[in-house]
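Undergrad: Just dropping this structure here.
The values are calculated or read from the model by the stated rules, or taken from the named source; none is laboratory data. These numbers were taken from a predicted model, which means no experiment stands behind them. Neighbour counts are summed over all protein chains in view; Cβ atoms, including those assigned to glycine, are modelled from backbone coordinates with ideal geometry. Quick note on the areas: whole protein, heavy atoms, side chains included, nothing else; ligands and nucleic acids left out. Shrake-Rupley method; radii C 1.70, N 1.55, O 1.52, S 1.80 Å.
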Amino acid sequence: MAPPLPETLRDKLHEECGVLGIYCTDPKKDAASLVYYGLFSLQHRGQESAGIAAVQSCPGSGGKTEHTIECRKGMGLVGDVFTGEILSQLKSSAALGHVRYSTAGSSSLENAQPFVSRFKLGSIAVAHNGTLTNADVVRELLEDAGVGFTSSSDSEVIINLIAKNYKKGLEKALTDTIKFIKGSYALVVLAGDALVGARDPNGIRPLCLGKLDSGKSEESGGWVLTSESCAIDAVGGSFVRDIEPGELVIIRQNEVFSFTFSEKTRRAVCAFEYVYFARPDSVIDSVDVYGSRVRAGEILGRESAAKADLVIGVPDSGVPAAIGYGRATATPFGLGIVKSKYVGRTFIAPSQIMRERAVSVKYNVIESEVRGKRVVIIDDSIVRGTTSRRLVLILKTAGAREVHIRVWSPPVRFPCYFGIDTPHRKDLISNMNNVSELCASLGADSLAFISVEGLLESLDGDGGYCLGCFTGEYPIPVPGEKIYTP
Ligand code: SF4
């Protein structure tokens, strides 16, 4: 396997996974191929492994139709894992897919998703985005009951719980499982002839419902459940609605049956989905991601404008916020930094010198744009500080007279427990330094972060967001940490 990225390129929080399930009611449509296309639009949520599981139906005993599940998965990008031949083996009316970035469990094929369980009563497949906070306890209970595990992933806990409860019937097996697990989850499940979606009672990770076109206005050609609305667009569907926190949806043929499985629900969507994780063409819980980034830039400009000749965004996510900052401060917007799209999840850096130069391989400066100018660079976050320090250096080397950093998320001081890979507290540079110490350590002429209130305002300000890594107060109890009380 190729070596992981050097620390200099791991200077962002990383989303964990993307999930996508498709149920076709139009017999001309193939769900597995649609999942394959849709997974490309979720690739930004995970590049370590990709997988698709598809229902195969055949006549069984007593005239009943029997459903089994076929699954193919592998390490790498969607385009690396699947071929036309594999897709033709998966042809199906219902399928689900997953792209993974590992947080709980190592980066290996055994932890790649979807997970499939075949047992006496049938087959089920699960794709999970999130992290269970009680996975170890549940795993121990299941192991004590004789259940075997093949991976170190917390998602395997979910499929084993559903399988254990399956004799109670699908609906009861799902609700009993979901009531037992704690933490963050956006789940898509294939079971028998049903496609199921569930979102944790705080809705920390996103999940939405879309509809496939049937060519007839009164009918749907099928249904889509996915992490982000951009995947619905990619498969030619239309967005229907977000799955609510604590909601379970069961899709069979043209019926979408839904209920709330938790008495206590309180929306606390991960604010970082809007800051960095989600694609700008997605809409999550009625908030347009691109619009929220532009607004955050405007608010940042209002809160802490710097006298400058040029504002540039660190590509790609910094660009909408830089446009907003430029509007609010009347600073000309330009493209001063170019990013190589081909530095992916792995990077061979045999020497220390090459590891240090890794940021320069990923980013380069357009010298003619910045020379002699006072430049504001807008970034989504500062985690370890390695990228910002290098960007200041390459901008100044290219002749920028001053470099001012503006960040449209508050300082990241605390770890995430809900599916996001965060460094240890000691490696979070804002946890160890105040803003002026940090500014000096980055070599910038000034540094400012958006306030927590400003970030909330950019998200339309109705609350309902997890801000744990900024405030240290979490929506779900975490041992040793403070709980957020509104
Ligand atoms: S702690 Fe931070 S990264 Fe984790 S869910 Fe909350 S806002 Fe998102």
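Undergrad: Of all helices (runs of 4 or more DSSP H) completely enclosed by region 60-151, which ones contain at least 1 residues that are more than 20 Å from ILE250 (Cβ to Cβ), of a type in the set (S, T, N, Q) and outside the structural domain of ASP421 (by TED's automatic domain parsing)?
TA: Working: elements: 78-81, 84-90, 135-144.
In region 60-151, 84-90 are the helices (runs of 4 or more DSSP H) which contain 1 or more residues that are more than 20 Å from ILE250 (Cβ to Cβ), of a type in the set (S, T, N, Q) and outside the structural domain of ASP421 (by TED's automatic domain parsing).
Undergrad: Do you know which of the residues in region 255-276 that are under 16 Å from CYS208 (Cα atoms) and under 21 Å from the mean Cα position of the chain (by Cα) is surrounded by the fewest Cβ atoms within 10 Å (Cβ to Cβ)?
TA: Our first condition is that a residue be under 16 Å from CYS208 (Cα atoms); within region 255-276, this holds for 256-260, 267-270, 273-274.
Going one step further and asking which of them are under 21 Å from the mean Cα position of the chain (by Cα), we end up with 267-270, 273-274.
On the way: ARG267: 20, ALA268: 25, VAL269: 23, CYS270: 29, GLU273: 26, TYR274: 30.
The qualifying residue surrounded by the fewest Cβ atoms within 10 Å (Cβ to Cβ) is ARG267.
Undergrad: Taking the conditions exactly as written (open to solvent by 50 Å² or more (accessible area, probe 1.4 Å) and of a type outside the set (A, V, I, L, M, F, W, C)), does TYR185 satisfy them or not? Full working, then the answer.
TA: Values: open to solvent by 50 Å² or more (accessible area, probe 1.4 Å): no; of a type outside the set (A, V, I, L, M, F, W, C): yes.
So TYR185 does not fit the description; no.
Undergrad: State whether one or more residues within region 383-400 are under 24 Å from the mean Cα position of the chain (by Cα) and within 16 Å of the ligand (Cβ to nearest atom). Give the steps one after another, and end with the answer.
TA: Within region 383-400, the subset under 24 Å from the mean Cα position of the chain (by Cα) is 383-388.
Within this subset, residues satisfying the condition of being within 16 Å of the ligand (Cβ to nearest atom) are 383-384.
Looking through region 383-400, at least one residue is under 24 Å from the mean Cα position of the chain (by Cα) and within 16 Å of the ligand (Cβ to nearest atom).
Undergrad: In region 456-486, what residues are more than 10 Å from the ligand (Cβ to nearest atom), under 21 Å from TRP408 (Cα atoms) and not in a helix (DSSP H, G or I)?
TA: Of everything in region 456-486, those that are more than 10 Å from the ligand (Cβ to nearest atom), under 21 Å from TRP408 (Cα atoms) and not in a helix (DSSP H, G or I) turn out to be LEU459, ASP460, GLY461, ASP462, GLY463, GLY464.
Undergrad: Something else now. Restricting attention to region 288-299, which residues are within 21 Å of PRO245 (Cα to Cα) and either modelled with pLDDT under 95 or open to solvent by 10 Å² or more (accessible area, probe 1.4 Å) (or both)?
TA: ASP288
Undergrad: Could you go through region 415-436 and let me know if any residue there is within 16 Å of the ligand (Cβ to nearest atom), aliphatic (A, V, I, L, M), assigned by TED's automatic domain parsing to the domain that holds PRO320 and modelled with pLDDT of 95 or more.
TA: No, region 415-436 contains no residue that is within 16 Å of the ligand (Cβ to nearest atom), aliphatic (A, V, I, L, M), assigned by TED's automatic domain parsing to the domain that holds PRO320 and modelled with pLDDT of 95 or more.
Undergrad: Moving to a separate point now. Condition first: in contact (Cβ under 8 Å) with a residue 40 or more places away in the chain and not in a loop (DSSP other than H, G, I, E, B). Now tell me which residues in region 196-219 satisfy that.
TA: Selection gives VAL196, GLY197, ALA198, ARG199, CYS208, LEU209, LEU212.
Undergrad: Restricting to region 446-455, what's the tally of residues that are surrounded by fewer than 19 Cβ atoms within 10 Å (Cβ to Cβ), assigned to a helix (DSSP H, G or I) and not charged (D, E, K, R)?
TA: Total meeting the criteria: 1.
Undergrad: Let me ask you something else. For region 360-445, which helices (runs of 4 or more DSSP H) that fit wholly inside it have 2 or more residues that are of a type in the set (Ser, Thr, Tyr) and open to solvent by less than 60 Å² (accessible area, probe 1.4 Å)? Walk me through how you get there before you give the answer.
TA: Working: elements: 367-370, 386-397, 429-432, 435-442.
Because the criterion is at least 2 residues that are of a type in the set (Ser, Thr, Tyr) and open to solvent by less than 60 Å² (accessible area, probe 1.4 Å), the helices (runs of 4 or more DSSP H) in region 360-445 that meet it are 386-397.
Undergrad: Only residues that are open to solvent by 20 Å² or more (accessible area, probe 1.4 Å) and of a type in the set (A, V, I, L, M): list them for region 456-474, please.
TA: Those that are open to solvent by 20 Å² or more (accessible area, probe 1.4 Å) and of a type in the set (A, V, I, L, M): LEU456, LEU467.
Undergrad: Among (1) among the hydroxyl-bearing types (Ser, Thr, Tyr); (2) surrounded by fewer than 24 Cβ atoms within 10 Å (Cβ to Cβ); (3) more than 14 Å from VAL126 (Cβ to Cβ), which single condition is TYR166 missing?
TA: Just one mismatch for TYR166, condition (3).
Undergrad: Does GLY38 satisfy being farther than 13 Å from ALA95 by Cα and either in contact with a Phe, Trp or Tyr (Cβ under 9 Å, 6 or more places away or on another chain) or open to solvent by less than 10 Å² (accessible area, probe 1.4 Å) (or both)? If you could, list the steps in order and put the result at the bottom.
TA: Working: farther than 13 Å from ALA95 by Cα: no; either in contact with a Phe, Trp or Tyr (Cβ under 9 Å, 6 or more places away or on another chain) or open to solvent by less than 10 Å² (accessible area, probe 1.4 Å) (or both): yes.
No, not satisfied.
Undergrad: List pairs: first residue in region 417-428 and over 16 Å from GLU473 (Cβ atoms), second residue aliphatic (A, V, I, L, M) and open to solvent by 60 Å² or more (accessible area, probe 1.4 Å) anywhere in the structure, Cβ distance under 6 angstrom, at least six positions apart or on different chains.
TA: none
Undergrad: Inspect all residues belonging to region 316-331 and state whether any of them is at pLDDT below 95 and within 20 Å of PRO411 (Cβ to Cβ).
TA: Within region 316-331, one or more residues are at pLDDT below 95 and within 20 Å of PRO411 (Cβ to Cβ).
Undergrad: Follow-up. Could you check region 71-123 and list, in sequence order, the residues that are open to solvent by less than 20 Å² (accessible area, probe 1.4 Å), among the aliphatic types (A, V, I, L, M) and modelled with pLDDT under 95?
TA: The answer is ALA112, and nothing else.
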